[in-house]
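K.L.:
I'd like to ask some things about the structure below.
Derivation of every value follows stated rules applied to the coordinates shown; laboratory data play no part. Small disclaimer: the values here were computed from a predicted structure and weren't measured. As a convention, Cβ positions derive from the backbone with ideal geometry for all residues, glycine included, and neighbour counts pool all protein chains shown.
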Amino acid sequence: MSGESLRRATATELRAAFQSGAATSRAVTDELFAAIEREDGVLGAWLHLRHEEARAEADRADARYATARAAGPAALSALPPLLGVPVALKDLVNLTGTPTTAGSRILEGYISPYDATIAARLREAGAVILGKTNMDEFAMGSSTEFSAYKKTVNPWATDRVPGGSSGGSSAAVAAFHAPLSIGTDTGGSIRQPASLTGIVGMKPTYGRVSRYGIVAFASSLDQVGPFARTAQDAALLLHTIAGADAHDATSSRSPLDAVLLNLPSGDAAASAIRGKRFALPKEYFVAGMEAGVERAVRDAVAALEVAGGIVEEVSLPTTEHALATYYIVAPAEASANLARYDGVRYGASKHGGGDLLNGYLETRGRGFGPEVRRRIMLGTYALSAGYYDAYYVKAQKVRTLIARDFDRIWAAGFDAIVAPTSPQVAWKFGAKMSDPVSMYLADACTLPANMAGLPGVSIPCGLSENLPVGLQLIGKPWSEAELLSISAGYEALTATAAWRAVAPHDLAKLGGGAA
Amino acid sequence: MSELTRAEVERVAALARLGLTSDELGKLQGDLNLILEQWAHLADVDTSSVPPSAQTIVQAMPLRDDIAEPSLPVDDALKNAPARSGDFVRVQAILSEEADG
């Protein structure tokens, strides 16, 4: 394997090539860095690259493959599945010795003194960590336009957003700058950008993946998850990062299904759809949904039916309250979590002149961008004396009702909910920047799963106006393996669909080197 | 819910320790009122017999033995501090000299 085929290979293909000796991790790593060098001036997905460290990690992986090849097939298959496979991290994952900005000026100059648990697990698995990707400041946003550092474009149309908040991670995978990346999803920040850039993105069950060392946004909602170009690749990355962690008391001991390492494929995957029961919630086909998006999603649902899936329309009546509930709970928790950025212990600091209070006011007033300020204000207000019961407690009660809606679906015997991920395809830069409510509505279909803690995955299901559309599958707690198996089944069903042959723009033709 | 006044926006900004300009406060007042309008319908949801949920995936809290484990070395923990004094982060005085005496 060489050149373009290395660059476009999935993690699963790379693993096989490394095992057989058909390719080396070093060659893939060099190829990806060369692509990034040529194209990131246009794409804008990356905030920090680890040229030397990543190449050293690749060389170490290659040495382990060589040793194992000499020892025989058993030694080769015992190697961790992501050994030598390149991965990108959203820039809110602490990785020792690298800058971690969370897309904010208030963390400019901060160098991580420790590894997040998922970073340590990726290192232990021998993955090659290429660098850190752009994001909306503190993961607050749906377009990555709220990054304090740079603009990330959608590889499918460079005048359009890549989604957000994990837009750098989704753009990097969609543009073949990395086969895998890490995102976080508090209200849709993995699934929505996956949908807008035509890749697979999963938010696992709340508690499936440790958040230790991840910059916190809303702690009762935040989850870490994978981006990839196939369900199998997403499953491998999830399997590597998931599991109980003594540093995160919310991380679960619920066992991981070994099927993640080897999802069904081809005919076996497609036939696994037969007999599955899918709930189609009518409230997810919201007002303002684009006709092309609805068509692609309904076509995908029809394909599941043709394959023997049983689809029934259901009602999740509290869906209409999820947006307001989310935009009380998430800012309230954010206002508490972001109190730590005071300019005293780390990050940008405006202390020195005047008194201590003035140092706080200046550090925070200048360090946070407009959307983060808005959310801190909203959250502080919702938690303040006199409003706490009317807003925060009320929202916590409605959250109970949202969770009960989903419980009724599982009690009725459904295997998964099928729905759109985003009511629209990628929009043009600036289209929602002047109206915060229109930006919030972009997450209407994703944030109910966060409120209920449920796993959800977005998979490509077609095109509208030549832009990708995502199908969302939401499952019961701890059903990631089931959701990804169904995703692999849908991939097999649509393997020869015409829309799958359409690729993102060739960024190389657009010119522009790395920033 | 009634509209947020300028004075309330200033009070919330002070609580949040955000030093904002007059223009920024004015813009936020408009934005917040727009967003609060979207929250209003929650008041109509009947939650009279519904308990609040802080989290919806409830698991047993894990316990471990109460034994000290190695943690981040002090030098690493202080590496990002804007000002340092020995093993401490240096901050501005919060008491005047008179109060100290």
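K.L.:
For the protein assembly as shown, build the charge dipole from Cβ charges (+1 Lys, Arg; -1 Asp, Glu) around the Cα centre, then report which of A:G183, A:P264, A:A426 sits farthest towards its positive end.
P.N.:
Ranked along the dipole, the leading option is A:P264.
K.L.:
Starting from the eigenvalues of the Cα gyration tensor, five times each then square-rooted, give me the equivalent ellipsoid semi-axes of chain A, largest first, whole Å. Present the calculation step by step, with values, prior to reporting the outcome.
P.N.:
Numbers: eigenvalues 207, 174, 92 Å².
Equivalent ellipsoid of chain A: 32, 29, 21 Å, largest first.
K.L.:
For B:W39, A:W499, what's the fewest-to-most ordering of other Cβ within 10 Å of each Cβ?
P.N.:
Ascending number of Cβ neighbours within 10 Å: A:W499, B:W39.
K.L.:
Right, something else. If we count other beta carbons within 10 Å of each Cβ, what is the order of A:F217, A:F176, fewest first?
P.N.:
A:F176, A:F217
K.L.:
Taking H placed 1.01 Å from N in the peptide plane, check which residues at least 5 places from A:T133 or on another chain put their amide H under 5 Å from its amide H.
P.N.:
When sequence neighbours closer than 5 places are left aside, the close amide H contacts are A:L47, A:L89, A:K90, A:D91.
K.L.:
I would also like to ask the following. Shielding by partners for B:44-53, please: the mean number of other protein chain Cβ atoms within 10 Å of each residue's Cβ. Write down the numbers at each step before the final one.
P.N.:
Details: counts 1, 10, 2, 8, 1, 1, 8, 3, 9, 15.
Neighbouring Cβ atoms belonging to other protein chains average 6 per residue here.
K.L.:
Something else about it: Tell me, A:S438, A:S2, A:S210, A:S479 in order of fewest to most beta-carbon neighbours within 10 Å?
P.N.:
Ascending Cβ contact count within 10 Å gives the list A:S2, A:S438, A:S479, A:S210.
K.L.:
Any of A:K203/A:K276; A:K132/A:K397; A:K350/A:K397; A:K132/A:K276; A:K132/A:K282 with alpha carbons more than 32 Å apart? Name them for me.
P.N.:
Cα-Cα > 32 Å for A:K132/A:K397; A:K350/A:K397; A:K132/A:K276; A:K132/A:K282; rest within.
K.L.:
Roughly how many debye, to the nearest 20, is the charge dipole of the range A:334-396 about its Cα centre, given +1 on each Lys and Arg Cβ, -1 on each Asp and Glu Cβ, and no other charges? Mind showing how you got there, number by number?
P.N.:
Working: 9 positive and 5 negative charges, 38 e Å.
Its charge dipole is roughly 180 debye.
K.L.:
To the nearest 20 Debye, how big is the dipole of chain A about its Cα centre, given +1 on the beta carbon of each Lys and Arg and -1 on that of each Asp and Glu?
P.N.:
Here the size comes out at about 400 debye.
K.L.:
Another question about this same structure. How large is Rg/Rh for the range A:146-294, to two decimals, with Cα atoms and a Kirkwood Rh?
P.N.:
On the Cα set of the range A:146-294, Rg over Rh gives 0.98.
K.L.:
Report, by chain and number, residues whose modeled amide H sits under 5 Å from the one on A:V128, excluding near sequence neighbours (fewer than 5 apart, same chain).
P.N.:
Residues meeting the amide H criterion: A:G84, A:V85, A:V87.
K.L.:
May I ask you to list the lysines whose Cα is less than 21 Å away from that of A:K432, ignoring any residue fewer than eight positions away on the same chain?
P.N.:
Hits, sequence-local ones excluded: A:K150, A:K151, B:K27.
K.L.:
Another question, then. Rg(Cα) of the range A:334-396 divided by 2.2 N^0.38 Å?
P.N.:
Against the empirical 2.2 N^0.38 Å value, I get 1.28 for the range A:334-396.
K.L.:
List, largest first, the extents of the alpha carbons of chain B along their principal axes, each in whole Å.
P.N.:
Here the Cα extents, ordered largest to smallest, are 55, 47, 29 Å.
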